[in-house]
Amino acid sequence: MIWKPNVVVAAIVEREGKFLLVEEKADGRLVLNQPAGHLDEGESLLQAVVRETLEETAWHFTPEALLGVYRWPHPTKDITYLRFAFTGRVTRHEESRALDHDIVRALWLTPEEIRAEHARHRSPQVERCLNDYLSGQRYELELLKEYEDPLTTDEHR
């Protein structure tokens, strides 16, 4: 059997000194996380983070930079997550939009409030991404390269 990491994306969004988080049900607990989720087949990392943010928070997200790539082996499961975290801004909120089924609510918290809830973080990546963001870490989106199969693009059909 070939081992593969679970590729996930996350949005790190600051507005007026507060960060967009979700309160969600995971492993029988109510936890806090950045808007995040799995990369779906056929989509780019940027498409995935835009989709996941909308599905989990009802906010339209515009990625502006790559914050970092984080590898985290789950301590109690045979899963390793490879998280691509993006910074950016939200542009529009769809208040009446239903959120993903495991999401209880989206909320805006200060860094101090996030750190005070450390025991409820879904993973150590929550605070690590916050700290990296606050330290000014950013990478240009051009760092990411997308390749299409030339036999499946419209111009070669």
Legend entry - Inter-label distance for H38 and M1, nm, one decimal - labels placed 7 Å from Cα along Cα-to-Cβ: 1.5
Inset, instruction - Excluding residues fewer than 8 places away in the same chain, name every one of the lysines whose C-alpha is closer than 24 Å to that of K77. - result: K4, K25
Inset, instruction - With the convex hull built on the Cα atoms of the stretch 73-147, state its orientation-averaged projected area in nm². - result: 8.0
Legend entry - From phi via Karplus (6.51, -1.76, 1.60), per-residue ³J(HN,Hα) for the stretch 85-96 in Hz, x at Gly/Pro: 9, 10, 9, x, 10, 9, 10, 8, 10, 9, 4, 8
Legend entry - Cα-based Rg and Dmax for the stretch 1-103, where Dmax is the largest Cα-Cα distance (Å): 13.9, 48
Legend entry - Prolate/oblate/rounded call for the stretch 65-106, Cα gyration tensor, a/c under 1.5 rounded: oblate
Legend entry - Computed [θ] at 222 nm, deg cm²/dmol, the chain (DSSP H ≥ 4; -39,500 (n - 2.57); rounded to nearest 500): -5500 deg cm²/dmol
Legend entry - At 1.306 mPa s and 10 °C, Stokes diffusion of the stretch 1-42 via Kirkwood alpha-carbon radius, µm² per second: 127
Legend entry - Size of charge dipole - the stretch 6-156 - debye, nearest 20, with Cβ of Lys, Arg +1 and Asp, Glu -1, no other charges: 760
Legend entry - Point-to-point label distance, H74-R15, nm (Cα→Cβ direction, 7 Å offset): 3.0
Legend entry - GNM top mover of H121, H60, H74 - the chain, alpha-carbon springs below 10 Å: H74
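Each reported figure results from applying straightforward, stated rules to the coordinates on display, with no laboratory input. Being a predicted model, the structure only gives us computed values, none of them experimental. Cβ coordinates were reconstructed from backbone atoms using ideal geometry, including for glycine residues, and neighbour counts include every protein chain displayed.
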